[in-house]
Structure formats: C-alpha cells, structure tokens
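The structure appears right after this line, and notes come after that.
Values in this text are rule-based calculations from the coordinates and carry no lab data. Quick caveat, the model's predicted, so the values are computed rather than measured.
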Amino acid sequence: FPSHDTNAVIESLDGDAGVKLEHVFQFARALYNGGQEKSAEVLLLDLLENKYNNQSVHNLLSLIYTNSSLKNKKERADFHYRRSIEINPDNGILIGNYALFLMKLNKTEEGLSMMRLALSKDPDLDYIYTALGDYKLKMGQHEEAIKEYKQAIRVFENPKSQLETAPYGQLSILYRRIGNYQKADELALRQREQDQSNAVGGNPEDIIAAL
C-alpha cells in the first residue's frame, strides 16, 4: 500500500468485494497499531467512500481523532463514536469508548450516563469500572471508588476471561488502589517476569514443545 491507492489495491485482492474491503480494514488496523495513524486514517476514509460503512471503521477513526490535539478532530471523533453506536447500539465496548472520550472532554454527566449504559450492555467491562473508580476517587468518594476497583478486579480474575496473557500489571495497580500493597507487589513481580519471558521469546520448554 505504498501509495494508499485503495481502489487499485481492492482490485488486486482475491475474493468478493466484502472480503477485499475487510482485508484493507485489517491492514489499516495494523497501521494504527504500529503507530502510523495518518496512513490508517487515509485507508479508513477510503473504505467509507467504498461503502464499507461498519462499526469497526468508525470506531477506529474515532480512536485516531481522539488522540489529536486539533479541535476539529475532536468533533470528528465525536461523530464517528456516535456513528459506530448507531450501527451497533448493543455493543458495550463502543459505548464505553465513547464514555471515556466524553470524560476526557469534561462532559462528566454525559460520560457517566454512557458508562452506565455500557455496563448495562456488558457488565464485564473492566476498564469502565476502573474509570468509574478513578472518577469517584477524584471526587473524594473513597469507599465508592474501592467498590468500583474491586469490580474491575472481579472481571480480570474471572476464570472465564479469554485474555491471552494475565494482566498482572493492571491488577497490581488496582490492588494498590484498594490498599492491598502486598498483593500489588506480588502481581507487579509476576508482570516483570512475564515481560522478561516475552522479551526472550517465552518459556524455552514451550518453544521446544512446539518444534
């Protein structure tokens, strides 16, 4: 995609139109994850022009514009957050993302309302509980904040969670916020061990077993 000529790229791909557009979207997401937000934005806008008008495109555009310091980009972010929710009004994650955006803009009442709506759609959004805890702590509601942090911990430690790697670092922060410093230190150590394992390619025994 050196020239970002999306139409030419779509024509060169195999599969029907929907499959081709999905391939382009996945590439745009890879660009975003790699820090190439401008290139990702170009592809995503081209996808919208090609009628690939789905929640994922709008959500990713909203995240890109949220990171911008330009006022008009914030307005674009708001539009795309709302559009993604219009397409899929039952997706708690999309609503939760918009809630955090509103909180960043100090639109507190609207943000809190969207947080409650997000949790009504999906009660296992750990980052929403964490954000609620942060807000209540800021407001001096210490006991209420601890309740929210404990809810986030409950979600993280749910054995049904499909996380690829244990979020020891995030759990460490949450335990520290509720005052359990010993548990927090234990989890921080486990996070460092996990990071070290990842840095050297994982558990050598696992690598050998996979050969």
Anisotropy class of the stretch 66-105 from Cα gyration tensor, a/c 1.5 cut: oblate
At q = 0.14, 0.20, 0.22 Å⁻¹, what log₁₀ I(q)/I(0) does a Debye calculation on the Cα points of the stretch 24-107 give, no solvent, two decimals? -0.43, -0.88, -1.06
Using alpha carbon coordinates only, what is the Rg to Rh ratio of the stretch 48-156, with Rh defined as the Kirkwood radius? 1.02
